[in-house]
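Here is the structure we will look at.
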Amino acid sequence: MKKIVLAYSGGLDTTFCALHLSKELGYEVHAVLVNTGGFSNEELETIEKRAKSLGIASFKVLEVVETYYQEVIKYLIFGNVLKNQTYPLSVSAERILQAKSLAEYAKTIGAKSVAHGSTGAGNDQVRFDMIFQTIVPDIEIITPIRDLKLSRQEEIDYLKKHGVEMNFEKAAYSINKGIWGTSVGGKETLTSSDYLPESAWPTQITEKEAKEITLGFEKGELKSVNGKAYQHAVDAIQEVQKLAAPFGIGRDIHVGDTIIGIKGRVGFEAAAPIVIIKAHQLLEKHTLTKWQMFWKNQQAEFYGNHLHEGHYLDPVMRNLEAFLQSTQEYVTGTVRVLLQPYRFTLLGIISDHDLMSAKFGSYGEMNKGYTAEDVKGFTRILGNQTAIFHKVNGEND
């Protein structure tokens, strides 16, 4: 019997894959859940119990949260990466680490095949396949949902037929949860006009009164929340999520171009990523120079797009990470944030590296580093070439 490693999350798609691969195709299925921070111990126990009821050979959890932060999330924060100025790459970023981990695990157990539950219409199929083809080029890739062109209802019918018990009403929505956000897809996101119902969001709104929090950054990394220091940035991220998610902050629907060329729509809930990125970005506005900000924005947008489309193993990504890291030398300080239902406000920053220092003048009021005559001469030289152009070409005649 051939060994196959299955990317398993316990959701509808991967539950179908586990059963189909073992019962219909006769594989020795080794289900692997790559935990990127989206599961509690209780949830993992429930998922393991269900997995073993499907007749698989083994179930394993690979904990990669810290690796995920160090290799991916850190740079998304440094770059303030939001796809189309909206989406913090909640799923696309974690898929890279999941695919890498699965490929390495397949090598360790001598599996000749790997499988994932991606459909034929989205981005995940490309991300998984590209990573597998690079790390384990000789391995066979099996994709039951894509190959059989199944709808979610057809999957549900199949599982019911085989006596699988799960919350099929909840399974109507595809939910991918990780430390950098949760995606939510359902019938509404297949349209251009409908919005997700309140019940579809994983975190319900329970906070109604405004609450101020502080985020402390050291060289671009989140190190403290409300004055409490965290040794690991992952713990600080989880604390921000705990504080902000009950306000309904970070909910949105991302619309973008898929890797395969069609438009796609997906809901997401990412309270911590959105708050952290915006707070970090404000701190950078105070501590980086104009040209640092300009070039970092260009590089970060490319980095985010390249990651989103599955090119994480391209060596240019390591070059860009080195650049992003170098820009964070003085991005240290505290950001004040006011949390309110459905929104948040950045109140201000405190930093020893604040370039808005009153020592050099106050914008719109006074200067201390130059005279009026200095500005007159500077302005004449700054506009000299434009003035010459208009004189030569008679534009002002």
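The values are calculated or read from the model by the stated rules, or taken from the named source; none is laboratory data. All figures in this text were calculated on a predicted structure; none of them were measured in a lab. With ideal geometry, Cβ positions are generated from the backbone for all residues, glycine too; neighbour counts draw on all protein chains shown. All accessible areas refer to the heavy atoms of the entire protein, side chains included, with ligands and DNA or RNA removed. Shrake-Rupley method; radii C 1.70, N 1.55, O 1.52, S 1.80 Å.
The set of residues from the range 137-149 being assigned to a loop (DSSP other than H, G, I, E, B) and under 25 Å from S90 (Cα atoms) comprises just one member, T143. The set of residues from the range 131-161 being farther than 26 Å from G267 by Cα and open to solvent by less than 70 Å² (accessible area, probe 1.4 Å) comprises F132, I135, V136, I139, I141, I142, Y158.
Yes or no, residue by residue, for (1) surrounded by fewer than 20 Cβ atoms within 10 Å (Cβ to Cβ); (2) of a type outside the set (A, V, I, L, M); (3) assigned to a loop (DSSP other than H, G, I, E, B):
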{"site": "H30", "(1), (2), (3)": "no, yes, no"}
{"site": "L76", "(1), (2), (3)": "no, no, no"}
{"site": "Q98", "(1), (2), (3)": "no, yes, no"}
{"site": "L102", "(1), (2), (3)": "no, no, no"}
{"site": "Q125", "(1), (2), (3)": "no, yes, no"}
{"site": "D129", "(1), (2), (3)": "yes, yes, no"}
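Evaluate the range 105-123: report whether one residue or more is of a type in the set (S, T, N, Q), assigned to a helix (DSSP H, G or I), open to solvent by 10 Å² or more (accessible area, probe 1.4 Å) and in contact with a helix residue (DSSP H, G or I) (Cβ under 7 Å, 6 or more places away or on another chain). For the range 105-123, residues of a type in the set (S, T, N, Q), assigned to a helix (DSSP H, G or I), open to solvent by 10 Å² or more (accessible area, probe 1.4 Å) and in contact with a helix residue (DSSP H, G or I) (Cβ under 7 Å, 6 or more places away or on another chain): absent. Please work out if T67 is among the hydroxyl-bearing types (S, T, Y), farther than 24 Å from P137 by Cα, open to solvent by 20 Å² or more (accessible area, probe 1.4 Å) and in a helix (DSSP H, G or I). Taking the combined requirement at face value, the residue does not satisfy it. Going by the conditions given, is I253 at pLDDT 95 or above, of a type in the set (A, V, I, L, M) and not in a helix (DSSP H, G or I)? Here the answer is yes, as I253 does meet what is asked.
Looking for something of a type in the set (G, A, S), open to solvent by less than 30 Å² (accessible area, probe 1.4 Å), over 17 Å from the mean Cα position of the chain (by Cα) and more than 27 Å from R152 (Cβ to Cβ) - is there at least one such residue anywhere in the range 194-217? Yes: the range 194-217 contains one or more residues that are of a type in the set (G, A, S), open to solvent by less than 30 Å² (accessible area, probe 1.4 Å), over 17 Å from the mean Cα position of the chain (by Cα) and more than 27 Å from R152 (Cβ to Cβ). Have a look at V275, V225, V234, V266 and point out the one that is touching a helix residue (DSSP H, G or I) at 6+ places or on another chain (Cβ under 6 Å) and free of Cβ contacts under 8 Å to residues at least 40 places away in the same chain. That would be V225, the only listed residue that is touching a helix residue (DSSP H, G or I) at 6+ places or on another chain (Cβ under 6 Å) and free of Cβ contacts under 8 Å to residues at least 40 places away in the same chain.
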